[in-house]
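For reference, the structure is listed below as structure tokens.
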Amino acid sequence: MVFGSVLLTACALIASISRITSFETALFHLINSLPSWLYRFLWLVMQLGTYGAIFVMAGISLLGRRVRLALELLAAGGLGFPSGHAAVSAALAATAVPFLARRWRRWIWLLPVTVGLARIFVGAHLPLDVVGGFVLGWTVGALVHLIGGSPSGRVGASQVRDALERSGQPVVNVCKANVDARGSTPFFVDTAEGGHLFVKAVGADQRDADLLFKLWRFVAYRNLDDERPFTSAKRQLQVEALLDLLAAKSGVRTPDVVALATLEDGTTLLAHRGLDAKSLDSVDVRLVSDDVLQDLWSQVALLHGAGIAHRDLRLANVMIDDEGAPWIIDFGFAQTSAPERALARDVAEMLASQSIVVEPDRAVTTALVGIGPAPVAEALPFLSMSSLARATQAGLKGLPGRLEKLRGVAASQLQVAATPTVRVTRWRPAPRR
């Protein structure tokens, strides 16, 4: 919606402050001079951009028992109508897309494109008018989905069951998991063999959120080494599964990848073998011994030895099983052939996260034993709030002075002078008066 609003504003500014360009004039004459026998066909298609088309499309949806689609079409078409045929047809198409089967989603956009060409053909609009109408309609469709919701990404238990069974995993029970799994919809699954699976589903909504998340990080921060947004949810989870397998091959304790499955709407599922374990942010602190922490740091060392940066090593992504062994999960943000600063950020995140549940001196001492002095020294510049995950920041804010104490303890045990922290934000907050 924001992207569409920016484009619409740009189109409006161009239309208001500049003359018609020679390119736009040539394009208008090219379309306007098409053979006259096309008029009857284009006139018929052009009716999809009229006010009456809103009610016709909504009526067809009601006949198909798609009540929600009908309501959203009425909302989008009503808002788009004042801008003309292009806006109405684009608004209807943008609203309908998430409700359609995947194979029809691209084809439906031919309708508003044809409407726009028809308006130029009959001499009613210039090309920029049509582009502005498309953008307005698309933006209105996005606004309707933002307010009313979109079916994309809303995966149900029955869909998960069917997809897993098609992948050769007989399922007994599926239920949504109330766990920290940002960027996905998580499920717990019981298999017919008596095993347990953890399934994360990523659809269009999550992929769009990932795009906006990375765009914000690019604007607000620098030198974060984020991967480019993935072209699809399927590609995103394929890469995550590959990183899981590479980490496991390097000796890192991480749950086995069991299955990858794709639903009809493009939503993709990644299933891992379930763990009888608790995350480090929910486990009894008394069970977190120095041996457990050293073992965890050894796992991080194995991961970094394979050139993999996890890039989200917070408490929720470390599990402690019934035998006290640590496991590293969720490689959704991980990166292969990672630069040194990404590895250093991993160590800084892990040090800061551990300092929420144990004293900083224990976190530093066990890190020096488990991963070594050099990685800890390289992490010192990244021990700042702006370099840490939001969840870690929130935990440290409840412990005033804990991060400063961690930096002091680390510098003392390394016997080095205090290191200035790296600035990762692109701008500094204004000083308070």
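Could you work out Rg/(2.2 N^0.38 Å) for segment 185-302, with Rg from alpha carbons only?
Here the Cα radius of gyration is 1.26 times the empirical estimate.
Quick check: convex hull of the Cα atoms in the chain, volume per residue, rounded to a whole Å³?
193
Between R106 and L245, what FRET efficiency follows from the Cβ-Cβ distance if R0 is 35 Å, with the result rounded to 0.05? The partial results should precede the final answer.
Numbers: r = 32 Å, r/R0 = 0.92.
Computed FRET efficiency for R106 and L245 comes out at 0.60.
Among the lysines in the chain, how many pairs, 8 or more places apart or on different chains, have alpha carbons under 25 Å apart?
Taking the Cα cut-off of 25 Å, the pair count is 13.
Between N223 and R19, what length comes free when the chain is fully extended (0.36 nm per residue of separation minus the Cα-Cα distance, one decimal in nm)?
Between N223 and R19, full extension yields 69.3 nm more.
Among S298, L414, S158, whose Cα projects farthest towards the positive end of the dipole of the chain, with charges put on the beta-carbon of Lys, Arg (+1) and Asp, Glu (-1)?
Farthest towards the positive end: S158.
Could you work out how far apart the two model spin labels at H196 and A394 are, taking each label as a point 7 Å from the Cα in the direction of the beta carbon, and quote it in nm?
So the label points at H196 and A394 sit 2.4 nm apart.
For an R0 of 35 angstrom, estimate the FRET efficiency from the Cβ-Cβ distance between R65 and L38 and round to the nearest 0.05.
That gives a FRET efficiency of 0.45.
Just the number please: accessible area per residue for the chain, 1.4 Å probe, all protein chains included, in Å².
Result: 52 Å² of accessible area for each residue.
What whole-number volume per residue, in cubic angstrom, does the convex hull of the C-alpha atoms of segment 97-146 give?
Dividing the Cα hull volume of segment 97-146 by its residues yields 67 Å³.
What distance in nm separates the two pseudo spin-label positions at S167 and D208, each 7 Å out from Cα along the beta-carbon direction?
Going from the S167 label point to the D208 one covers 2.5 nm.
The values are calculated or read from the model by the stated rules, or taken from the named source; none is laboratory data. Small disclaimer: the values here were computed from a predicted structure and weren't measured. Please note: Cβ atoms are built from the backbone with ideal geometry, for glycine as well, and neighbour counts cover all protein chains shown. For the accessible areas, the whole protein counts, side chains as well, though only heavy atoms, and no ligand, DNA or RNA atoms are used. Shrake-Rupley method; radii C 1.70, N 1.55, O 1.52, S 1.80 Å.
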